[in-house]
Amino acid sequence: QIAAMNPIAINKDGVDAAVIEKEIEVGKDLAIQEGKPAEMAEKIAMGRLNKFFQENTLLSQAFVRDNKVTVEQFLNSTEKGLTVTTFKRFAMS
């Protein structure tokens, strides 16, 4: 899972605040560029931030062997309360 999907954190709590701020700003800018009203840009940005978390945090990602469940759902189906506490990813360049 980690090698294939390259998560940046275990869950959204592990994502750096600077990354979250940047994603919100990018989301707002994209919404405004798409012609959405400025007052809706914040809500749209938050929706995009949630999608970012789903794609980039390990427990929220779709499980590579069965994309109908998240990694967290798969772990709970294996053993209730089972989770990931840390991970490391090595890459050769």
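The values are calculated or read from the model by the stated rules, or taken from the named source; none is laboratory data. Since this is a predicted model, take the numbers as computed values, not measurements. Ideal geometry is used to build each Cβ from the backbone, glycine not excepted, and the neighbour counts take in all protein chains shown. The accessibility values were calculated without ligands, DNA or RNA, using every heavy atom of the protein model including side chains. Shrake-Rupley method; radii C 1.70, N 1.55, O 1.52, S 1.80 Å.
Restricting attention to region 31-47, does a residue exist that is open to solvent by 90 Å² or more (accessible area, probe 1.4 Å), under 26 Å from GLN1 (Cβ atoms) and polar (S, T, N, Q)? Within region 31-47 (the criterion being open to solvent by 90 Å² or more (accessible area, probe 1.4 Å), under 26 Å from GLN1 (Cβ atoms) and polar (S, T, N, Q)), the answer is no, since none of the residues qualifies.
Kindly provide the set of residues from region 63-86 that are without any contact (Cβ under 8 Å) to a residue 24 or more places away in the chain and among the aliphatic types (A, V, I, L, M), ordered by number. VAL69, LEU75, LEU82, listed by residue number. The set of residues from region 1-25 being in a loop (DSSP other than H, G, I, E, B) and closer than 24 Å to ASN67 by Cβ comprises GLN1, ASN6, PRO7, ILE8, ILE10, ASN11, VAL15.
When LYS28, LYS36 are checked against the criterion of being part of a helix (DSSP H, G or I) and free of Cβ contacts under 8 Å to residues at least 40 places away in the same chain, a single residue qualifies: LYS28. Considering only residues in region 52-93 that are among the charged types (D, E, K, R) and touching a helix residue (DSSP H, G or I) at 6+ places or on another chain (Cβ under 9 Å), the one that is surrounded by the fewest Cβ atoms within 10 Å (Cβ to Cβ) turns out to be LYS88.
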